[in-house]
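Colleague: Take a look at this one; I'll ask things after.
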C-alpha cells in the first residue's frame, strides 16, 4: 500500500475537520496509536489500579486530568473529543451511540485513559522481517478470551483477552525479543504454542476479529490485548463510558521507536 | 561481607518477631526490596496518577487494596504493618514518630504503595562486573534534588530526586544496558555527565546520603530515585502518611532477575 505522508498532527486535524474518516492502521508515520477509554472520576481510581495491576493487557500511555481532553505528554494541542474518527458511547454496559464527536457527551468529571496498541509491536515485528499473515491479507487479527485471570481492582475483574498471530517457528524468538522492547504496547507474548493451555478451545473460532491461516511450521503466538480493559469495564456495567470505535485509534506524536526508550 | 542465607519470608518473620532490626541492604537472597508509602484513600488516586506519570522515579511494584496490608502479588502472607524494621509516621508533612510496628496507626482507608528500589539495579551492575564505590566503602549513595520537573498530579508536584554513582568511563554503556532491563527499579539512568545540566551545583554536597569519591576517569551517572515520591508527598503536606525508615526496606518474594521479565 502507498505510504501516507501526513504527520499525526495533520491526521488529527483532518479527522477533526471531517476530511478523514475510517480506520487508522498504517497512518501517522509510525507514531504510537492508542486505545481510548473515558470513565467518570468515581470509577477512575479502580480502573487506574486495574491497569497498574495488569500492565500487559493495559499499558498506560497517558492518563489525563479529570475534565481535560488534551493528552499533554503524548499529543499537546490535541482534543480527545474530536480527534478520533469514531467513538462509542456506553451506558450501564450497553452501546447506546456511535458518533464522530463526543463534545456533547463531555463532562468535567470524565477521565481519559490512553492505552498502548498492538500496531506498535506489529511495526517492530515487520521491521524485524517477520511476516504477519493478517497484514499481508488485509484482515484483522484474531482475538480470544482466555482462562488467564486478570488481577482484579474494585469492580473491575475478568479474564485476559489475547491476540494471536501465526509466526514461523524460526521467527518465534525474534518475535519475542522484538515485541519485548515495547512494554508500553503489550510487550512480549504471554503465551507461545498450545492454545488449550490458556483456555482456548478452537483457534478457528476467535471471539473477536478474523480467523487466521497457518502456513506449515507456523506456531500460534499470543499477546495480551487492549480489548481486555474495555471488556472488563463493560462487564462491570459502568454507568457511563466512552471508547474509540474498533480500529479507529488515537494518533499520538510519539514515534513507535521512542516508546522503547521512554 | 558474609552472605546471609535467610529467605525473604524468614527475614520478614524475624523482623516481625523483633529478632532482626536495622537496614536491609544485602539481605533476602537477591529478592526485590521496595520503598513503602501509605496514604489515605482520599489522596491515593492523585498519588497513583503521579506514579503513573513519573515511572522512572516511582516504579510501582504493588498497590494494595484500601485497608489491606498484605501485598498479595509480591509477598503473599506478609503484613506491611509489622514486617519492616523501621517506619516513619508523618502528620501534615511533619515527622511525628519513628516506630517498629504501625498496627496502632492502621486505618481501613489506608492504601499501601510499594515502589521499586535501587538495590535491584545495583545488584545488576555488580553482577555485570561494575565497581560501585559506595558499596565497596560501606557508605550510602549520594542523592540530589534536580531541576528536572516531575509531571504533576493533583497536589503532588516537585522536582525529581536522583541518585549518583561514579562509574568508570569504559563501564558507562554497560551500566545503562544493565539497569535498563529493570524499569521496575528506576531503569536506565536519566542523565550521564555534567551535573550542572540538571541543576546540581556541587557534586560534593548531596542533598541526601553520602558524598562519593571519584577515581580518575570516572563519570557521574544519575538515576531517578525513590526518594522523589516521598519528597513530593511530604511537600504536599498530606494529613497522614506512613513510610519505611531510610534503608529499612520491605523484602518481597520476587527475585531481582525475575523483575526484568514480568
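Colleague: Could you compute Rg(Cα) / (2.2 N^0.38 Å) for the protein assembly as shown, with N its residue count? Intermediate values should be presented prior to the final figure.
Modeller: Working: Rg = 23.7 Å, N = 524, 2.2 N^0.38 = 23.8 Å.
Output field value: 1.00.
Colleague: Just to check, using Stokes-Einstein with a Kirkwood Rh over alpha carbon pairs, what's the diffusion coefficient of region B:158-203 at 4 °C and 1.567 mPa s in µm²/s?
Modeller: Working: Rh = 11.8 Å.
Value of D from the Cα-based Kirkwood radius: 110 µm²/s.
Colleague: If you take the Cα Rg of region B:54-199 and divide it by 2.2 N^0.38 Å, with N the number of residues, what do you get?
Modeller: It is 1.21.
Colleague: Copy-to-copy spacing for residue B:30, label 7 Å out on the Cα-to-C-beta vector, in nm, shortest first?
Modeller: 3.7
Colleague: Right, here's the next one. What area, in nm² and to one decimal, does the C-alpha convex hull of chain B cast on average over all directions? Intermediate values should be presented prior to the final figure.
Modeller: On the way: hull surface 52.0 nm².
Mean projected area of the Cα convex hull: 13.0 nm².
Colleague: Could you work out how far helix A:41-53 tilts from the main Cα principal axis of chain A, as a 0 to 90 degree angle to the nearest 10?
Modeller: 20 degrees
Colleague: How large is the helix-only mean residue ellipticity at 222 nm for chain A, computed as the sum of -39500 (n - 2.57) over DSSP H runs with n ≥ 4, divided by its residue count, in deg cm²/dmol to the nearest 500? Could you put the intermediate results ahead of the total?
Modeller: Values: 7 runs with 58 residues, N = 262.
So the helix-based figure for chain A works out to -6000 deg cm²/dmol.
Colleague: Follow-up. Return the average number of partner chain Cβ atoms within 10 angstrom of each residue Cβ along peptide A:47-53.
Modeller: On the way: counts 0, 7, 9, 0, 2, 7, 4.
Per residue, the number of nearby Cβ atoms from other chains is 4 on average.
Colleague: Taking every pair of alpha-carbon atoms in region A:21-110, what share in percent sits in each 5 Å bin, from 0 to the bin with the longest distance?
Modeller: 3, 11, 20, 25, 24, 14, 4, 0
Colleague: Fewest to most neighbouring Cβ within 10 Å: what's the order for B:198, A:242?
Modeller: Details: B:198 18, A:242 22.
The order, fewest Cβ neighbours first, is B:198, A:242.
Colleague: While we're looking at this one, here's another question. Between chain A and chain B, with a rotation axis joining them, whose C-beta in A is nearest that axis, and what is the whole-Å distance?
Modeller: For the rotation taking chain A to chain B, the closest Cβ gives A:45, 2.
Colleague: Would you mind listing the distances between the residue B:98 label point and the same position in each other copy? Use 7 Å along Cα-to-C-beta, nm, one decimal, shortest first.
Modeller: So the distances to the same position in the other copies read 6.3 nm.
Colleague: At 0.36 nm per residue, and after removing the present C-alpha to C-alpha distance, how many nm does the segment from residue B:96 to residue B:42 gain when stretched out fully? Write out the running numbers ahead of the final one.
Modeller: Numbers: separation 54, 0.36 × 54 = 19.44 nm, distance 2.07 nm.
Full extension of this stretch gives 17.4 nm more.
Colleague: Taking the convex hull of the alpha carbon atoms in region A:119-229, what volume per residue do you get, in Å³? Before the final figure, lay out the partial values.
Modeller: Numbers: hull volume 11.0 nm³, N = 111.
Taking only Cα atoms, region A:119-229 has a hull volume of 99 Å³ per residue.
Colleague: Same structure, new question: Using only Cα atoms and rounding to the nearest 10 degrees, what angle (0 to 90) does helix B:118-127 make with the longest principal axis of chain B?
Modeller: 40 degrees
Colleague: For region B:82-136, report the convex hull volume of the alpha-carbon atoms normalised per residue, in Å³, without decimals.
Modeller: Numbers: hull volume 7.6 nm³, N = 55.
Considering the Cα atoms of region B:82-136, their hull volume per residue is 138 Å³.
FYI, it's all coordinate maths here, none of it is from the lab. All of these numbers come straight from a predicted model, not from anything done at the bench. Note that each Cβ is placed from the backbone with ideal geometry, even for glycine, and that neighbours are counted across all protein chains shown.
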